[in-house]
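The values are calculated or read from the model by the stated rules, or taken from the named source; none is laboratory data. Predicted, not measured: the structure shown is a model, and the values here were computed from it. When we count neighbours, we look across all protein chains shown, and the Cβ atoms used for this are built from the backbone with ideal geometry, even at glycine.
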Amino acid sequence: TQAMLEVENLKKYFKVGKQSLKAVDEVTFSVRKGETLGLVGESGSGKSTLGRTIVGLNEATGGRMLFEGKDVRHLNKKEKKNYNRIVQMIFQDPHASLNPRMEVGDIIGEGIDAHRLASGKERMERIYRLLERVGLQADHAKRYPHEFSGGQRQRIGIARALAVEPKFIVADEPISALDVSIQAQVVNLMDDLQRDMGLTFLFIAHDLGMVKHISDRIGVMYLGGFMELADSGDLFSEPLHPYTQALLSAIPVPSTAKGLRRERIILKGDPPSPISPPSGCRFRTRCPHVMDVCASAVPEWKEVRPKHWTACHLY
Ligand code: SF4
Ligand code: MG
């Protein structure tokens, strides 16, 4: 399948005093049309910054992003407006991202108006259909965000994203703030929507368990860089990078599942600051397999098995 989004050596640095915080540092990957790419990493790994840079909420510091073959950083005004429509974001905190003073119908209608997709009766019908499609009711359009539960507010956030007929959605930890009992419902909704509407997702989460079922492929980030990227099944059955191995070992496995139990790998210390990341491999200060070469040379990001990428001197 063809790539919808190709990201090459993308960088996003922030100035912190005289120093520079390398939130996203030279990442290269692609997202295929119709897939869900799960993106996992601890807080501070750069995954949200990457998502915000892709949708255009941050300006990239360097590198390239090609969307359907076009360079996103050099679009003309009209193309840029179109990009802002077809690439949408769903946020972690549906409470903070919905204007409390606006009726839900107008929150959903804002994008429809901005892109002149419909007006009058057709616009309202569109809003009602969207509300129903995400599991709410047409008459919820007249209510305000605070009248809804966390899960319902996230459904409103999803309806708002869908209102402009997007192709690609960056979902930034869309379920992390929700009760565990609600999380699966929202994931299932997103999975259904993807199938019905042919959407492509970049689904960001802080742990592997959350993205396992929805993702076709999974990328693992640490301190601004990609450590590994593979088909979900391969990542779980044959994690190559020591960091991925540690993350996987932290997921509880039922004691009855023979042969699946992994010994828990406890990582020493906390991730270093992205203002002064370690030389060589950025994971080396916590890696159980660290070697001399890891301090002196940056491991190359390469495809070490078919469709299985990692950056580690062990391979
Ligand atoms: Fe560990 Fe070295 Fe591989 Fe980095 S390159 S993950 S420090 S073995
Ligand atoms: Mg899917």
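Tabulated values for the structure
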| read-out | value |
| --- | --- |
| Wholly enclosed strands (runs of 3 or more DSSP E) of the stretch 1-77 bearing at least 3 residues within 16 Å of ligand 2 (Cβ to nearest atom) | 36-40 |
| Selected residue [β-branched (V, I, T) and more than 20 Å from I169 (Cα to Cα)] from T61, T53, T49, T36 | T61 |
| In the stretch 22-46, the residues that are buried (at least 21 other Cβ atoms within 10 Å of the Cβ) and over 21 Å from K307 (Cβ atoms) | K22, A23, V24, D25, S45, G46 |
| Residue match in the stretch 97-112 (condition: within 18 Å of I182 (Cα to Cα) and touching a Leu at 6+ places or on another chain (Cβ under 9 Å)) | no |
| Subset of the stretch 59-84 (residues that are surrounded by 16 or more Cβ atoms within 10 Å (Cβ to Cβ) and either aromatic (F, W, Y) or closer than 24 Å to L117 by Cβ (or both)) | F67, V72, L75, Y83, N84 |
| Residue ID - nearest to ligand 1 (Cβ to nearest atom), chosen from residues in the stretch 208-237 that are assigned to a loop (DSSP other than H, G, I, E, B) and under 19 Å from L10 (Cα atoms) | L223 |
| Positions within the stretch 167-207 being surrounded by 14 or more Cβ atoms within 10 Å (Cβ to Cβ), farther than 20 Å from G224 by Cβ, of a type outside the set (S, T, Y) and within 11 Å of ligand 2 (Cβ to nearest atom), in sequence order | V187, M190, D191, L193, Q194, L199, F201 |
| Unique match (being at pLDDT 95 or above and among the aromatic types (F, W, Y)) among F67, F91 | F67 |
| In the stretch 277-315, residue farthest from ligand 1 (Cβ to nearest atom) [restricted to those that are in contact (Cβ under 8 Å) with a residue 60 or more places away in the chain and more than 18 Å from G219 (Cα to Cα)] | P277 |
| Residues located in the stretch 159-196, provided they are under 18 Å from Y83 (Cα atoms) and either in a loop (DSSP other than H, G, I, E, B) or not small (G, A, S) (or both) | R160, L162, A163, V164, E165, P166, K167, F168, I169, V170 |
| Enumeration of residues in the stretch 106-157 that are under 28 Å from the mean Cα position of the chain (by Cα), hydrophobic (A, V, I, L, M, F, W, C) and not in a helix (DSSP H, G or I) | L117, V134, L136, F148 |
| Tabulated pairs, the stretch 18-36, first without any contact (Cβ under 8 Å) to a residue 40 or more places away in the chain and within 20 Å of I218 (Cβ to Cβ), second outside any loop (DSSP other than H, G, I, E, B) and away from ligand 2 (no atom under 16 Å from the Cβ), C-beta under 6 angstrom, 6+ apart or interchain | S30/A3; S30/E6 |
| Candidates K12, K47 - the one that is more than 16 Å from ligand 1 (Cβ to nearest atom), basic (K, R), more than 14 Å from the chain's Cα centre (by Cα) and on the phi < 0 side of the Ramachandran plot | K12 |
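A quick yes/no check of all residues on (1) surrounded by fewer than 20 Cβ atoms within 10 Å (Cβ to Cβ); (2) free of Cβ contacts under 8 Å to residues at least 60 places away in the same chain:
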site: G51; (1), (2): no, no
site: I54; (1), (2): no, no
site: L57; (1), (2): yes, yes
site: E103; (1), (2): yes, yes
site: I108; (1), (2): no, yes
site: G111; (1), (2): yes, yes
site: R123; (1), (2): yes, yes
site: R143; (1), (2): yes, yes
